[in-house]
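Peer 1: First the structure, which I've put down as structure tokens, then a few questions once you've had a look.
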Amino acid sequence: MPDMRVHEVAILGAGIGAKHMDGLLANRDRFHVATVCDLDAERAGELATRGENCAAVTDLDAVLADPALDLVAICLPPRLHTPIAIRALEAGKHVVCEKPFALSLRDADRMIAVANAAERTLTPVFQYRYGLGFRQLLHLINVGLAGDPLVATLETHWNRGEDYYAIPWRGTWAGEGGGCILTHAIHVHDMLTCAFGPIASVSADLATRVNPIEVDDCAALSLRHASGALATSSVTLGAAEETSRLKFCFANVTAESGLEVYHPAEAPWTFTARIPARQADIDAALAMVAPEKESFAGFYADLGREFAGEAARGVSTKDGRQSIELVTALYRAAKMAQSVAMPLDASADGYDGWAPED
Ligand SMILES: NC(=O)c1ccc[n+]([C@@H]2O[C@H](COP(=O)([O-])OP(=O)(O)OC[C@H]3O[C@@H](n4cnc5c(N)ncnc54)[C@H](O)[C@@H]3O)[C@@H](O)[C@H]2O)c1
């Protein structure tokens, strides 16, 4: 049922919550940030001043009980995503949930069941999708110009040090729930499944080589898609120069992103026809894709369209579950030193989580 109201939003957590504020302010016709909630009153207050008629509060229970709020953006540490999402849905709120969507497939499935029963939307955050270059690639795929997917290479070469891990929940199984394949590469892996479709099997080597933390900070991953396409993903949190990069070889075109670390979907990408005579057709198709809002602004514009019943590309609970399914398979593959088949259902090893037992 289309809902044309301006949605009254609470941002829960004022760290990355600041980027949500940017995205929501860029879509004032659809959303109004009424509240910023953070245990740290000063942090909540600072972010709330960026809003319009926006309160700063520290009591999450009061936010969930406030009938005037109809959407909460969960920007809290990972361990809180599932319990707070479930409480918010049961309180009748729509929910936007930061990555990681959940810390096990069981939790992902519980959240989805509660959202369905409550008839509320539950939207995982995948803002990296929203950029012109990546939309151009999806357009070439959709109109049939790209051809069969062949191989992809992905790089998440970021840099994290002591200052990043000074926040106590980071770097731990109990707090962060996983390492670089859960927290950092999750974005390019989401983009990979958008472009190449479902993954059928994975192999993984993981290591902790950059920082003295519990969880992985380097990864070499190999993925086979249901289509037969192959992908490799290289991840480190110890790169001198921070870059993200995606390169997709299709039968008819090779597409390559720029190196922009947190916005790899954005232009300029290069699109090279395998048969040079077909480059003009590719270029003409690319020119059909108009610029739109990008990153968090694009994410919230899309959510606003979805609420209003307009055509939206929409990030769905299926995408959130799929991201956690991939992480589950990767940790299992690394632990067993063997390839793991997907999809994973409730009978799969690792359905309850991947953290080591002690
Ligand atoms: N989409 C992205 O690109 C992106 C980028 C960074 C972080 N994240 C995700 O966002 C989430 C938060 O990460 P962060 O870097 O902002 O962390 P952070 O620690 O900087 O911020 C989290 C905030 O939540 C507050 N908080 C914790 N418990 C609370 C409670 N019970 N009630 C109210 N406030 C509470 C903390 O005081 C803190 O200010 C994580 O899941 C992280 O993975 C996503």
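No lab work stands behind these numbers, since they all come straight from the coordinates. Computed from a predicted structure; not experimentally measured. When we count neighbours, we look across all protein chains shown, and the Cβ atoms used for this are built from the backbone with ideal geometry, even at glycine.
Peer 1: Using the Karplus curve 6.51 cos²θ - 1.76 cosθ + 1.60 with θ = phi - 60°, what ³J(HN,Hα) values do you get for each residue of the range 27-40, in whole Hz, with x for Gly and Pro?
Peer 2: 10, 4, 5, 10, 9, 10, 7, 8, 8, 10, 10, 8, 4, 8
Peer 1: Okay, next question. Can you work out the FRET efficiency for the pair residue 232 and residue 262, with r the C-beta to C-beta distance and R0 = 25 Å, to the nearest 0.05?
Peer 2: 0.70
Peer 1: Could you order the peptides 55-65, 94-104, 295-305 from most to least packed, using the average number of other C-beta atoms within 10 Å per residue?
Peer 2: In descending order of packing, they fall as 94-104, 295-305, 55-65.
Peer 1: Continuing with this model, one more query. How much of the calculated P(r) for the chain lies past 36 Å, in percent of all Cα pairs?
Peer 2: The proportion of pairs with Cα distances above 36 Å equals 20 percent.
Peer 1: Then there is this: What full-extension length gain, to one decimal in nm, is calculated for residue 164 and residue 41 as 0.36 nm per residue of separation minus the Cα-Cα distance?
Peer 2: Extending this stretch completely gives an extra 42.2 nm.
Peer 1: Can you tell me the alpha carbon radius of gyration of the range 128-307 divided by the globular rule-of-thumb value 2.2 N^0.38 Å?
Peer 2: 1.10
Peer 1: Taking a point 7 angstrom from the Cα of residue 205 along the C-beta vector, which residues in the range 305-345 have backbone N less than 13 Å away?
Peer 2: Hits in the range 305-345 for residue 205 at 13 Å: 334, 337-338.
Peer 1: Please give every one of the aspartates and glutamates within straight-line cross-link reach of residue 247, meaning a C-alpha to C-alpha distance under 17 Å, and leave out same-chain neighbours fewer than 8 residues apart.
Peer 2: 148, 155, 190, 256, 260, 266
Peer 1: In what sequence, highest mean first, do 228-238, 284-294 appear when ranked by Cβ atoms within 10 angstrom?
Peer 2: Numbers: 228-238: 19.6, 284-294: 14.1.
Top of the packing list down: 228-238, 284-294.
Peer 1: For residue 288 and residue 347, calculate 0.36 nm times their separation in residues minus their Cα-Cα distance, and state this gained length in nm to one decimal.
Peer 2: 16.7 nm
Peer 1: Explain nothing, just the number: relative contact order of the range 128-307, from Cα pairs under 8 Å at least 6 residues apart, as a whole percent.
Peer 2: Numbers: 366 pairs, mean separation 58.1, N = 180.
The normalised contact order for the range 128-307 reaches 32 percent.
Peer 1: Can you return the lysines within cross-link range of residue 19? Criterion is Cα-Cα under 20 Å, with same-chain partners fewer than 8 residues away left out.
Peer 2: List returned: 99, 293.
Peer 1: Residues with beta-carbon under 14 Å from that of residue 340, excluding residue 340: net charge, scoring Lys, Arg +1 and Asp, Glu -1?
Peer 2: Neighbour charge sum, excluding residue 340 itself: -1.
Peer 1: Just grab the label-to-label distance for residue 79 and residue 241, each label 7 Å out from Cα along the Cβ direction, in nm (one decimal).
Peer 2: 3.9
Peer 1: Can you figure out the FRET efficiency of residue 68 with residue 275, using R₀ = 56 Å and their beta-carbon distance, to the nearest 0.05?
Peer 2: That gives a FRET efficiency of 0.45.
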